[in-house]
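To start, the structure itself, in structure tokens.
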Amino acid sequence: MKINFYFLLITLTSVIGFASPNKIGKNVFLQAHHTKETIKIDGQLTESVWKEAPYSNFTQRDPDEGKQASEKTCVWIAYDENAIYVAAKLYDSNPSLIKGRLTRRDNFSQSDWFMFFIDSYYDRRTGFYFAVNPANTVVDGTLFNDSWDETSWNGVWESAVTQDADGWNVEIKVPFTQIRFKESDSLKWGINFKRVIDRKNENDYLIMVPKKESGFVSHFATLEGLEGIHPKQRLEVLPYMVQKAQYLVHDADDPYYKSKQYRTTIGGDFKIGIGSNLTLDGTINPDFGQVEVDPAVINLSAFETYYDEKRPFFIEGNNIFYFGSGGSNNNWNFNWSNPDFFYSRRVGRSPQVGLNDSINGPTYTPPETRIISALKLTGKLDNSLSIGVMNAVTERTFADLYNYNGSAEVEPLTNYSVVRALKEFNNSKQGLGFIGTSVFRDTRNSEIKKAVGKNSYSFGLDGWTAIDEDATYMLTGYFAGSYTAGSKEFISKLQKSSIRYLQRPDRSYMRFDSSLTSLSGYIGRIALNKQKGNFYINSALGFVSPGFDVNDMGYQWRSDLINFHTVLGYRWYDPDGIFRYKSIYGSYFRNQDYDGNILANSLYLNADLQFMNYYEISLQTSYDPEFYSNTLSRGGPILKTPASKQFNLSIYSDSREDLVLNAYYNYNDNTLKSFYNNFGINATWNPRSNINLSIGPFYELNVDKTQWVDNVSDNTATATYNNRYIFAELNQKTYGSSIRLNWTFTPALSLQIYLQPLVSVGKYTSFKQIVKPRSYKTIEYGTNNTSISYNKNDEEYTVTPDNGNPSQTFTISDPNFNIKSVRGNIILRWEFLPGSAMFFVWTHQKFNDQNPGDFNFRRDIGTFTKGNADNIFLVKVNYWLNM
């Protein structure tokens, strides 16, 4: 194993300190007023507590950083035994121009906004936020890692707005049961407020953090006066019922279709507060069906496609399980991806075990594995120690076998667990955490034992430390290990996986071993990040051993990799008459494997420009000299990849307009004359304040001279390790669009329509084989005493690599494709009571693969309106009970 530390040494020795104020709001104190008066949430601000002196010293961050806000904002804070209240009077010199878009919940539209932030743990790292616009559209979410946020948390709280001749008014009520805090007779919280004036692109804060600074929560003002808060025990129950009707493309003689066509599911979720700072989430017979569909993806690589989680139980509060990225406000990756130790879509996935080829007749395999139960505990034990624990059990799943009047096991009984803890020290200048995962399966069935692992474990430590007093420079890192046990057949499959290819015939470090019944490995990374200022630097060194594997419960892109990068940049935050903002970054990155093969050795340049009229341009370009690939031959020898270059351009219009456009173009090519073109446009149109239509058509042309086709065993191919590695030239055209319509009738009633048509046609020509490892020297079939012919009836090619020896003849299945896909759904959502909702859903999917390799735009588009489709109708009702 060879590691070049030269560039890391240059990076670390180039660190230059820089001082600026650390906690901007540390000397600002706000008072919460206790009230015994009943506050009616109506946006009228008539209660006597709102007659107290307000807080109104708001400062611009945009467009003119540091200047007084252009419009006056007054804020009041009150509380009683059950809730905290916020009222705001948002003056406007031209009330007719106040913009309030009516959208579904958790959608930050181009609108005026009022936002309320609280750091209820007073840990200067985490918090909650609540946002309301003039149409009473609401957004809420959580804050973490000081400056990051996400919207998966959905609290049950109230808001109301009114508009008058002076501007608009907001009232907010947040029950103490909805937020987490360390219970005490006298509480101190961090607090901040933000106002957005959309027509001016103005962002005003009570505590404004300059763009050159780092962090957000750590700068909050301190809220005092919260006395005697003892919220009641939290117990929330959310029972649900789902009725589903499926009308699918099926065989008319399928004996299972009618019995599976209609399904009713009943279950429920619950939340139990353990004190005021921990929450136990649980589910019984959970509804983990997705309301939104996954996008169609054409994946010709050897690597698994990553899909985002859409199931509420796993989404909410998932940031506690983030590993390896805390402490730093920026994490750059070049040809490196930090593994997800907990990829929640593994839980309840489709059955992994296929049926034996000898089984004939009709069969039915469930589309997913049912989750029997799941529990999740999240929160803080004190202001600096966060914890998260999740456990789920999925049932033993069987496929029905009609001709055998029986069933076959396709997924064993499985237990999934993850534990995460993170402790912060010295005002969060240091942090130390760990994560542990485990998967246990009952693999008593011999076929199951060959297909899946018996158990797997992972454990990792992560942390960070500031390396100067002002925390301008942050050093972060993590180290983790994994262990997977199973049968020889399963561990052999893991060794041959596309993330490591241990069977590669020319590898030296950790070769394939068919006798293994376990696989283990490690991963680590250390990174330096400059947190603030105009000048910027980020550098990292990472390594992952060939045996590291967390894919049983997590998601991992690669193993057998040593990666280094360094980024230098400069950012101009002050307008100069032409640009409001500009930045430029240059980087160098390098990859190698544990055998010392150079897998990347690249230069990258990025520039972002925002003009005074708020139009933006983003440019990226890179150059990659010749290097090697240990994955191109998919388990075969190392091959040389040609030098290449890349260029990307994106243009954005002013986001305040009713019609917003984003046009982009991506291009790359290499010295073998492969090239890739991708261009498209994303258009968002707001014809009315409650209607939003977006459309994103695109076109891709991919001409790849090095597209892998197949590996064929042949003892006479001694120059290439007794195998023939078959490649071809691929000409692929892809076009499609994503179309979304959001129509919001009231803050509680909305309609969403999503449609994704996609066509991808690929034609393979010039089939050839590699003749020399560590090169890309090939012989094209049909030349040099070789022959190739196509059998249309069998849809396969017959290849004779040596016309003098016909016994070497083999066949290749026709790899051409022509995929036409339409996916979409319609969702009508009605929140008939706070926390309670009814969904009416129609999901539509259509697929056609006729005419492989033959591109005909009119014909292929025409298939979208022809043929049969899968249609699923679903009604879901859930009812929130606060007990």
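The values are calculated or read from the model by the stated rules, or taken from the named source; none is laboratory data. Just so you know, these numbers come straight off a predicted model, no measurement behind them. So basically every Cβ, Gly included, is an ideal-geometry build from the backbone, and we count neighbours across all protein chains shown. In case anyone asks, the SASA skips ligands and DNA or RNA and just uses the protein heavy atoms, side chains included. Shrake-Rupley method; radii C 1.70, N 1.55, O 1.52, S 1.80 Å.
Structure values in brief
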quantity	calculated
Which numbered condition K173 fails, given (1) modelled with pLDDT of 95 or more; (2) part of a strand (DSSP E or B); (3) in contact with a Ser or Thr (Cβ under 7 Å, 6 or more places away or on another chain)	(3)
Residues of region 498-522 classified as touching a residue at least 24 places away in the same chain (Cβ under 8 Å) and surrounded by fewer than 20 Cβ atoms within 10 Å (Cβ to Cβ), total	14
Test for G867: is it open to solvent by 40 Å² or more (accessible area, probe 1.4 Å), small (G, A, S) and either at pLDDT 90 or above or part of a loop (DSSP other than H, G, I, E, B) (or both)	yes
Top-ranked residue of region 136-156 - restricted to ones that are of a type in the set (A, V, I, L, M) and touching a residue at least 60 places away in the same chain (Cβ under 8 Å), ranked as surrounded by the most Cβ atoms within 10 Å (Cβ to Cβ)	L143
Qualifying residue in region 770-790 (condition: within 30 Å of T863 (Cα to Cα) and either free of Cβ contacts under 8 Å to residues at least 60 places away in the same chain or surrounded by fewer than 16 Cβ atoms within 10 Å (Cβ to Cβ) (or both))	yes
So V759, is it touching a helix residue (DSSP H, G or I) at 6+ places or on another chain (Cβ under 9 Å), among the β-branched types (V, I, T) and either modelled with pLDDT of 95 or more or within 23 Å of P852 (Cβ to Cβ) (or both)	yes
Condition met for N686 (in contact with a strand residue (DSSP E or B) (Cβ under 8 Å, 6 or more places away or on another chain), under 30 Å from L749 (Cβ atoms) and either in contact (Cβ under 8 Å) with a residue 24 or more places away in the chain or in a strand (DSSP E or B) (or both))	yes
Any chance I491 is closer than 20 Å to F543 by Cα and either open to solvent by 40 Å² or more (accessible area, probe 1.4 Å) or out of contact with any helix residue (DSSP H, G or I) (no Cβ under 6 Å at 6 or more places or on another chain) (or both)	no
Flag if R634 is part of a strand (DSSP E or B) and of a type in the set (K, R)	no
Residue check, S159 open to solvent by 20 Å² or more (accessible area, probe 1.4 Å), without any contact (Cβ under 8 Å) to a residue 12 or more places away in the chain, out of contact with any Phe, Trp or Tyr (no Cβ under 6 Å at 6 or more places or on another chain) and not in a loop (DSSP other than H, G, I, E, B)	no
1 or more residues closer than 23 Å to N331 by Cβ, under 25 Å from the mean Cα position of the chain (by Cα) and among the aliphatic types (A, V, I, L, M): qualifying strands (runs of 3 or more DSSP E) within region 544-621	561-572, 598-611
Enumeration of residues in region 562-594 that are within 30 Å of R511 (Cα to Cα) and either among the polar types (S, T, N, Q) or open to solvent by 40 Å² or more (accessible area, probe 1.4 Å) (or both)	N563, R590, N591, Q592
Residues of region 176-194 satisfying the condition of being of a type in the set (A, V, I, L, M, F, W, C) and in a strand (DSSP E or B)	L187, W189, I191, F193
Members of region 413-430 found to be farther than 21 Å from T378 by Cα, assigned to a strand (DSSP E or B) and open to solvent by 20 Å² or more (accessible area, probe 1.4 Å), listed by number	Q430
Flag for I77 being open to solvent by less than 30 Å² (accessible area, probe 1.4 Å), in a strand (DSSP E or B) and out of contact with any Ser or Thr (no Cβ under 7 Å at 6 or more places or on another chain)	yes
